[in-house]
């Protein structure tokens, strides 16, 4: 299947600690990592190969909403065929269904983390990363977050 359009693309300027949000043809919006820290804060515990590590950050759905994804009335119709592709600076990529991030459908607890055990993320993890706390292994928890594309598939 091929995507018919990209709803939003987030590009994290890794060295500068900011995210550029692109929503179709709308002018890009830049959000600094410091702005993400102003969103409601949540913690998530990652089972990293048997070790429990606590992370802090904003819910991924709150970050997506800041970029224009409307979760207020719950996803319906074509929106349910939408995926979120997260990409790391090292080339690692992970796909999430947008529906699994919709708080009216699921309590995924997926966060965009900026802290590990109360400290800023180190250079091998951040400045931002995605934590998926309910997965049995950390394969979908992405380090070195660089870009997020929200894409609706053709029906």
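Computed from the coordinates by the stated procedures, all read-outs in this text should not be read as laboratory data. Only a predicted model underlies this, so the values are computations on that prediction, with no experimental measurement involved. FYI the Cβ positions are ideal-geometry reconstructions off the backbone, even for glycines, and counts take in every protein chain you see.
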| task | Report the calculated FRET efficiency for residue 54 and residue 76 (r = Cβ-Cβ distance, R0 = 35 Å), to the nearest 0.05. | result | 0.50
| request: Starting from the Cα of residue 47, move 7 Å in the Cα-to-Cβ direction to define the label point; list residues of segment 113-155 whose amide nitrogen is under 12 Å from there. | output: 133-139
| query | Average projected area of the Cα convex hull of segment 65-145, in nm²? | reply | 6.1
